[in-house]
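First the structure, in the form of structure tokens, and then the observations on it.
The values are calculated or read from the model by the stated rules, or taken from the named source; none is laboratory data. Computed from a predicted model, the values in this text were never measured in an experiment. Positions of Cβ are backbone-derived with ideal geometry, glycine not excepted, and every protein chain shown enters the neighbour counts.
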Amino acid sequence: MKSALLLILLTGSLLWAQESPVTAPPAASELPKSTTSGPADPGALKARKLIDQMIAALGGDAWLNYKTLTTEGRSYVFFHGKPASAGIQFWRFNQYPDKERRELTKQRDVVYIYNGSKGYEKTYKGVSADEQKSVDEYIRRNRHSLEVVIRQWLNAPGTVLFYDGQSIADQQMVDVVSILNKDNDEVTIGIDIYTHLPINRRYSWRDADKYRIDDETIYGNYRKVQGIQTPYTITNKRDGEISGQSFLSRAAYNEDYPPDYFDATATYDRQHYNPKADKH
């Protein structure tokens, strides 16, 4: 049960960006040379034009500047590409730049809280520090989210854009754009050639043994919520196999959260927890 909850926790995150208002990235014709592959590089200019179209399709300034995202739905874990659970209800609350609260199960009695580089698990036992593997996963997904890439990477010195041509993503024709930051970290986005909405997002990383891991998120079933196109179906893949899916039943932007919603302090050490001893 614990491993399934952790996998569901990491499934379907839309993931997050700056808290302060963000202005739209400059149009392709206004790009400084430092953000292209060369002076007036045609591929970089085309990539930026496609990104501009994607931002407009998602909702323009409304998408660029939303600060909180509240979602509800059901998540499913997959093992070797096949469903491995009956699904668990979730309520997720995100506040930028790096805060997330997720409540799991029908009773909402399992809660995970992430605040910056800290993660906590809250159950009937109390609050404990979350496993570092799960915290690292959250940080990695946040760092490669569409919001962070578009709001932060594009405006940073040393970012390079590439147009990689057209391909198929989730049975749809997409224009493929890659964004490489100054740290040699790359995210590739597939943009629907007709709607200009993002269909998938891919990035790679290396585990402790230096093995390359390929993560992909597929966005589908878009619905307009408060002027923002929102994917209600989110599929995660790892090394080409589905690892999880989330289906939203509700989404809302810019809701106010209690001041202490993301505050948590560990009250016990999970590795040394002994419920029988604690009763005495």
### Task
Can you work out which of the residues in segment 76-114 that are aliphatic (A, V, I, L, M) and not in a loop (DSSP other than H, G, I, E, B) is farthest from the chain's Cα centre (by Cα)?
110
### Task
Considering only segment 228-267, state which residues are part of a loop (DSSP other than H, G, I, E, B) and among the charged types (D, E, K, R).
239, 255, 256, 260, 263
### Selection within segment 170-190 - of a type outside the set (Val, Ile, Thr) and either touching a residue at least 60 places away in the same chain (Cβ under 8 Å) or at positive phi (or both)
170, 171, 175, 178, 184
### Query
Can you tell me which residues in segment 117-133 are in contact with a Phe, Trp or Tyr (Cβ under 9 Å, 6 or more places away or on another chain) and closer than 22 Å to residue 106 by Cβ?
120, 121, 122, 125, 126, 127, 130
## Note on the structure
Considering segment 261-277, residues that are small (Gly, Ala, Ser) and modelled with pLDDT of 80 or more, and then whichever is surrounded by the most Cβ atoms within 10 Å (Cβ to Cβ), we arrive at 264
### Message
Tell me yes or no: at least one residue of segment 183-192 is over 19 Å from residue 141 (Cβ atoms), in a strand (DSSP E or B) and of a type outside the set (D, E, K, R).
### Response
yes
### Query
If you check 51, 88, which single one turns out to be under 18 Å from residue 156 (Cβ atoms), in contact with a strand residue (DSSP E or B) (Cβ under 7 Å, 6 or more places away or on another chain) and at pLDDT 50 or above?
51
#### Entry: Residue that is of a type outside the set (Phe, Trp, Tyr), modelled with pLDDT under 95 and either surrounded by fewer than 17 Cβ atoms within 10 Å (Cβ to Cβ) or outside any loop (DSSP other than H, G, I, E, B) (or both), where the choices are 38, 73
38
## Note on the structure
Quick count over segment 191-211, residues being at positive phi and surrounded by fewer than 14 Cβ atoms within 10 Å (Cβ to Cβ), is 1
### Query
Which ones in segment 138-180 are part of a helix (DSSP H, G or I), under 15 Å from residue 217 (Cβ atoms) and not charged (D, E, K, R)?
138, 142, 146, 148, 149, 150
### Summary
Flagged pairs (Cβ under 8 angstrom, 6 or more apart or on separate chains; first in segment 137-158, without any contact (Cβ under 8 Å) to a residue 12 or more places away in the chain and surrounded by 21 or more Cβ atoms within 10 Å (Cβ to Cβ); second among the hydrophobic types (A, V, I, L, M, F, W, C) and in a helix (DSSP H, G or I)) are none
